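Here is the structure we will look at, set down as structure tokens.
The values are calculated or read from the model by the stated rules, or taken from the named source; none is laboratory data. Owing to the predicted nature of the structure, the values given are computational and were not obtained by experimental measurement. All Cβ positions, even for glycine, are placed from backbone atoms using ideal geometry, and neighbour counts span all protein chains on display. Only protein heavy atoms, including side chains, enter the accessible area calculation; ligands, DNA and RNA are left aside. Shrake-Rupley method; radii C 1.70, N 1.55, O 1.52, S 1.80 Å.
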Amino acid sequence: MSTPFSKDNSLFYEPANRDRDLLPHDPFKAIVAPRPIGWISSLSEDGKPNLAPYSFFNAICAAPPMVMFCSDSEKDSVANIRRTGEFVTNYVGAAFTEAMNMTSIDAPHGVNEFELAGLHHEPSHLVAPPRVAGIAAALECRLAQIVELVDAQGSRTASIMVIGEVVGVYIDDAMIREGRFDAAAAGHLTRLDRKS
């Protein structure tokens, strides 16, 4: 195999043809970093809670405030939101790292990830899904759009983007300093993808 480096010692590759011996971990995820983590709580139609983290997450609009997360398939979060139209984005502070990681497992349908991770939940104000108890902040969302992602050729991918309008904002009083949300005090956790 010829060297992938050019004359100026830089590397160029097409994503579908990455040399997995040279680059066993996908650089794309590490280049687009840090990324906030969307810790999404939702409810099934019969009221069972679900909690899962998504590293493809961000705010996308201010008026009205909107957030998005993207799932690599139709997982419980997407299916629940598609049916109920509501979800909560829970702020992932450093103190919740271990619990958040526990909720990232591919648990069987119907497993309560709150219980699995030893977490309690609290009721939201305007939507049915609960928030994680003890967190610094949460965004209560109503479904605005679900986008089945397609590639540049128009072929459907397995990925699904969920866009929600933020209809309510919860903040722990201790996280407000001089009229601002104190992200440093909240200990914001992001995805840096050292091994992606």
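Tabulated data
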item	result
Residues of the chain: accessible area per residue with a 1.4 Å probe, Å²	59
Label of the coordinate-derived value, Cα extents along the principal axes in Å, listed as (1) 59, 38, 31; (2) 59, 39, 36; (3) 46, 33, 30	(2)
Vicinal HN-Hα couplings computed from phi for the stretch 110-123 (Karplus, 6.51 cos²θ - 1.76 cosθ + 1.60; Hz; Gly/Pro x)	x, 6, 8, 5, 4, 5, 4, 8, x, 9, 9, 10, 10, x
Packing-based order for 128-140, 62-74, using average beta carbon neighbours within 10 Å, highest first	128-140, 62-74
Accessible carbon and sulfur surface of the stretch 41-183 relative to its total accessible area, %, 1.4 Å	53
Rg/Rh ratio calculated on Cα atoms of the stretch 11-89 (Kirkwood radius)	1.10
Size of electric dipole in the stretch 106-196: Cβ of Lys, Arg +1 and of Asp, Glu -1, about Cα centre, debye, nearest 20	260
Inter-probe distance in nm under a simple model that places probes 7 Å from Cα toward Cβ, at Ser159 and Glu74	1.9
Among 76-87, 142-153, the order from most to least packed when residues are scored by Cβ within 10 Å on average	76-87, 142-153
Length released on extending from Asn9 to Ile60, taking residue separation times 0.36 nm less the Cα-Cα span	14.8 nm
Pairwise centroid distance, computed over Cα atoms, of the stretch 59-86 with the stretch 163-186, Å	20
Size of charge dipole - the stretch 1-140 - debye, nearest 20, with Cβ of Lys, Arg +1 and Asp, Glu -1, no other charges	300
